[in-house]
Amino acid sequence: MNAIAAPAVSRATVLRRDEFVAHLHGLVPVGDVVHDEQGRHVYAGDAFGAYQALPLAVVLPATVREVSQVLRYCYEVGLKVFPRGAGTSLVGGAVAAEDGIVLCLSRMNNVLEVDPVNRMVRVEAGITNAAVSTAVAGLGLRFAPDPASWQASTIGGNIATNAGGARGMSVGATGRHVLALKIVLVDGEVIELGGGELEASGLDLIGLVVGAEGMLGVVVEATLRVVPEPETRRLVVLGFQSVLSAVACAGKILSSVIVPTALEVLDREVIAVCEDFGGIGLPRDVEAVLVVEVEGSAEEAEQLGAAVLQAADAYAPVGHLEIADQAQVARSWATFNAAFTGLGRLGTVRCVDIAVPPAKLVEAMTEIGSIATRYGLRGASMCRAAEGIVRSVLLYDGSNSEDIGRVADAMADVARMCAQIGGVLAGEHGVGVAKRDVMSYQLAESDLVFGMRLKSTFDTEWLLSNGKVYPLADQVVQSAVV
Ligand SMILES: Cc1cc2nc3c(=O)[nH]c(=O)nc-3n(C[C@H](O)[C@H](O)[C@H](O)COP(=O)(O)OP(=O)(O)OC[C@H]3O[C@@H](n4cnc5c(N)ncnc54)[C@H](O)[C@@H]3O)c2cc1C
């Protein structure tokens, strides 16, 4: 059962499924159209879990030409298209509709060009974030944005959601690393945006597509900036008897002269999951840990680590751990990145992902804790302290309709609180369907209408990623007036 309303399905379109599939078979090799029920089920959901829809078919193009031909055909017959990368969306962004097709880019995963002199790499959109770094690792370079899903999520998905990561405070989100894009518009036209090795001037069209969640076009190629790997990384892990002390300590470090590359707070539930999975030596008898990463030469990193300990002293951390061995640092991040998946063993997980002004982090986390308690839900929290990104989860029984209702009410309260303290509901993961209907808590009616008019300019019939990002009721009105 979907916990979130789905757009109306055109039964007439669903009844024409065989006809659409036959046409699609003429556009891409037969094996690249998944149309049996079992195969379509694989693409019915994404990592969000609370929203599913069995698509009419799934098309797995291998070339830009195939993407263009498929889009042109769908445009001509008025078929909805849902671009998809790896399906790691935590907001239902990659879920299609019963009267639409999934256009999955995962087979377009080639590195097209590596240019070490200009420190850039051109790739197809279905390549994973990790594979981009692997392609340039031999040159001592890496693709800097590092969402926790980096091993699985694709560059197309990272661009569509403007994915951020633990090192977002130092490197920024994905959009800052995109130099040029090739996208296919809803009618199949292929356009190129940006300036390759030079920053493009004029209207920031790349900025328009980054974070658009597949609403404006399908990203097929990207030219990305790559940066040198640091000589070493060092982690300083500090234990605290409250989440609030950990967050306050992070604030102190931020306001000092130290420039850390990551500042993550993990609460007791998350620590337990990390330890069960990775056994990296986090203290289990504290309420929170603050993970501070610094980088530089071994000597610099050691000095920065000492400065972190000194800055933290006033907050009386209960013990600390320093991790300097590079393999151990990598293992620690792999463990932190797996925490979300690990929490899934405790119940159905609903991710609460918002961004708030860093000075309001303590307030936001306290409020989320109170909201969880008010609705009788168990919660767990991590946050990226420098950017004010709160990544909490609510744990519930996904087969219990009362629990589903309580989670929906709790999410609405979180959205209200986020808007009240000047936060951003899209957070790191975007809007998708999960936050679609609460966007009006944050955005004024005129802002929502402007965004929808922009969408209509690119896609008059709202065929791309239909039913996402904007409140469902407003979308129906807006797509009817164009
Ligand atoms: C365990 C876990 C940890 C995560 N950690 C983070 C994190 O640290 N930071 C973060 O930002 N996110 C995180 N996420 C969320 C998710 O991984 C990101 O949103 C990621 O960018 C999605 O990439 P994807 O390839 O899986 O895209 P999908 O899930 O397939 O799609 C996501 C959205 O992008 C659109 N899209 C996909 N490909 C294209 C394309 N080629 N052209 C146009 N639109 C496209 C889809 O239509 C959809 O709207 C995490 C998810 C999981 C499961």
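We did not get these values from a lab; they are worked out from the coordinates using the rules stated. Computed from a predicted model, the values in this text were never measured in an experiment. In this analysis, Cβ positions are derived from the backbone assuming ideal geometry, glycine residues included, and neighbour counts consider all displayed protein chains.
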Rounded to whole angstroms and listed largest first, the alpha-carbon spread of the range 232-339 along its three principal axes comes to 33, 30, 18
Would you mind pulling out the separation of the Cα centroids of the range 153-213 and the range 93-110, in Å?
19 Å
Quickly estimate the mean residue ellipticity at 222 nm for the chain, helices only: each DSSP H run with n ≥ 4 gives -39500 (n - 2.57), and the total goes over all residues, rounded to 500.
-10500 deg cm²/dmol
Rounding to the nearest 10 and keeping the result within 0 to 90°, find how far the Cα-based axis of helix 326-337 lies from the longest principal axis of the chain.
60 degrees
Express the Stokes-Einstein translational diffusion coefficient of the chain in µm² s⁻¹, to the nearest whole number, given a Kirkwood radius over alpha-carbon pairs, 4 °C and a viscosity of 1.567 mPa s.
56 µm²/s
What Rg and what Dmax come out for the range 1-158 when only alpha-carbon atoms are used, in angstroms?
17.1, 55
On Cα atoms only, tilt of 361-374 relative to the major axis of the chain in degrees
70 degrees
Out-of-range pairs (alpha-carbon distance over 27 Å; input Lys252/Lys435; Lys80/Lys435; Lys252/Lys468)
Lys252/Lys435; Lys252/Lys468
Let me have the relative contact order for the chain, percent, based on Cα pairs under 8 Å that are six or more residues apart.
14 percent
Pairwise Cα inverse-distance average, inverted: Kirkwood Rh of the range 347-438 (Å)
12.9 Å
The helix 401-420 Cα axis meets the longest alpha-carbon principal axis of the chain at an angle in degrees, between 0 and 90 and rounded to 10, of 70 degrees
What area, in nm² and to one decimal, does the C-alpha convex hull of the range 211-252 cast on average over all directions?
6.6 nm²
Centroid-to-centroid separation of the range 423-461 and the range 249-312 [C-alpha atoms, Å]:
35 Å
State the antiparallel share, in %, of DSSP beta bridges confined to the chain, rounding to the nearest 5.
90 percent
Could you check the simple spin-label distance between Ser456 and Val117, using points 7 Å along Cα→Cβ, in nm with one decimal?
4.9 nm
